[in-house]
Amino acid sequence: KAKDYAGNQYQLFSNDIEERSVEQIQLENDLFKALQRGDEFELYYQPKFDVRSDELIGTETLIRWNHPEFGLLSPGRFIPLAEETGLITALGEWVIKESCRQMKKWYDKGCTQLAVSANLSPQQFQQTDLASKVAAILKETGLPPQLLELELTENLIVNNTNQTLKTIRELKDLGVQISIDDFGTGYSSLGYLKDFPVDTLKIDKSFIDHMTTNANNAAIIKTIITLADSLKLNVIAEGVESRDQADFLARHGCYWIQGYLYSRPLPVSEFEERYVPSHS
Ligand code: C2E
Ligand code: MG
Ligand code: MG
Ligand code: MG
């Protein structure tokens, strides 16, 4: 009996693996096709606010995939796949272009101070011609460079230091803003911060969760804010869900926040209804 049981378990297990890889392969094919067609991807816009004035200070684009069969997929479902297959460079370029194109439309409607941030994957950053691609996109869309921000992760910065530094400098020379996303979660030393011309540290959501009840998280947050202050960098917190969290952050000198407390990521139409002045 035990043997039968084990046999069944094995059977279930191996079917499971087969199914998952079939699904992966399908997704991979679909991703390729979707990129060629280009109409299944959609950017959601999550606003960023200054808690002192409740003023909108920027918006981050977060990609979604309207899969014909599986419905709306979040980036966790397909970004890793795009990275494995190398499709991320094409997808990432689409993200930057679409972010700039949309923001220029809103700029023309009066949002002249609103910056847009796009997330960049490490592989995208390893392209030696990234800055010239970004320059071409800025030129084509007409978005002022200072209104584009690129969110990078720390892990990207530890890899391949010389090329990374070169690319960051080229992007800064274009006038683009650079922020370090998920700050505090990477396995890097802090030394890079003195060499890399970054503008903003974005405190990771994992520290914000339970920060009012977990003294360690609170200590880390305070340290990051102090660090940003000493290095004359901006600091923003992501994943802020409660008033208590926002109050704590503001009390310690972090005034920029993003999170469900203020707004979830919104589709274009909803973002326009709420935040774009001349839209009706
Ligand atoms: P991220 O850049 O750190 O984005 C924050 C994630 O937290 C987003 O998830 C956002 O929807 C979610 N979030 C924001 N505020 C809150 C909150 O108050 N509570 C909770 N529970 N969640 C909140 P999402 O959209 O699923 O994106 C996940 C990650 O996928 C992003 O993390 C980013 O690393 C990656 N990603 C998203 N769009 C792109 C893209 O266009 N290109 C690349 N390379 N990566 C992307
Ligand atoms: Mg981000
Ligand atoms: Mg983040
Ligand atoms: Mg995060």
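The values are calculated or read from the model by the stated rules, or taken from the named source; none is laboratory data. Remember, predicted model here, so these are calculated numbers, not experimental data. Neighbour counts run over all protein chains shown; Cβ positions are idealised from the backbone, glycine included. In case anyone asks, the SASA skips ligands and DNA or RNA and just uses the protein heavy atoms, side chains included. Shrake-Rupley method; radii C 1.70, N 1.55, O 1.52, S 1.80 Å.
Among beta bridges from DSSP that stay inside the chain, the antiparallel ones total about 40%.
Name the shape class, rounded, prolate or oblate, that the alpha-carbon gyration tensor gives for segment 30-89, where a ≥ b ≥ c are the square roots of its eigenvalues, rounded holds for a/c under 1.5, and otherwise prolate holds if a/b is larger than b/c and oblate otherwise.
Details: a/c = 3.01, a/b = 2.37, b/c = 1.27.
Note, shape of segment 30-89 comes out prolate.
Select from segment 94-188 those chymotrypsin sites (Phe, Trp or Tyr not before Pro) which occupy a DSSP coil region and have at most 10 other Cβ atoms within 10 Å, ordered by residue number. Those satisfying the criteria are TYR187.
For the chain, the relative contact order is 17 percent, taking Cα pairs closer than 8 Å that sit 6 or more residues apart in sequence and dividing their mean separation by the residue count. What's the angle, to the nearest 10 degrees (0 to 90), between helix 88-108's Cα axis and the longest principal axis of the chain? So the helix axis and the longest Cα principal axis differ by about 40 degrees.
Express the carbon and sulfur contribution to the solvent-accessible surface of the chain as a percent, rounded to the nearest whole number, probe 1.4 angstrom. Here it works out to 50 percent.
Rounded to the nearest 500, the helix-only mean residue ellipticity at 222 nm of the chain stands at -16000 deg cm²/dmol, with each DSSP H run of n ≥ 4 adding -39,500 (n - 2.57).
Over segment 215-280, consider all pairs of different Cα atoms and compute the Kirkwood hydrodynamic radius from their mean reciprocal separation; express it in Å, one decimal.
Details: mean 1/r = 0.0743 Å⁻¹.
It is 13.5 Å.
Rg/Rh for the chain (Cα atoms only, Rh after Kirkwood) is 1.02.
Once C-alpha pairs closer than 8 Å and six or more residues apart are averaged by separation and normalised to the residue number of segment 27-136, the relative contact order reads 25 percent. With K and R counted +1 and D and E -1, the other residues having a Cβ less than 13 Å from that of ASN162 yield a net charge of 0. Looking at the square roots a ≥ b ≥ c of the eigenvalues of the Cα gyration tensor of segment 130-215, which shape do they give, rounded for a/c under 1.5, prolate if a/b is larger than b/c, or oblate? Oblate, since a/c reaches 1.5 and b/c is not below a/b. Extension gain, SER242 to ASP229, is 2.3 nm, computed as 0.36 nm per intervening residue step minus the present C-alpha separation. Per the Cα gyration tensor, segment 64-169 maps to an equivalent ellipsoid with semi-axes of 23, 21, 11 Å, ordered largest to smallest. Measure nothing fancy, just the Cα-based angle from helix 75-85's long axis to the longest principal axis of the chain, in degrees from 0 to 90, nearest 10. Helix 75-85 sits roughly 80 degrees off the main axis of the chain.
Couplings 3J(HN,Hα) of segment 129-141, computed from phi: 9, 4, 4, 6, 5, 5, 4, 5, 5, 4, 5, 5, 8 Hz, in residue order, whole Hz [Karplus 6.51 cos²θ - 1.76 cosθ + 1.60, θ = phi - 60°; x for Gly and Pro].
When both bridge partners sit in segment 171-279, DSSP labels roughly 0% of those beta bridges antiparallel.
For segment 162-280, a/c is not less than 1.5, where a ≥ b ≥ c are the root eigenvalues of the C-alpha gyration tensor, and a/b does not top b/c. That puts it in the oblate class.
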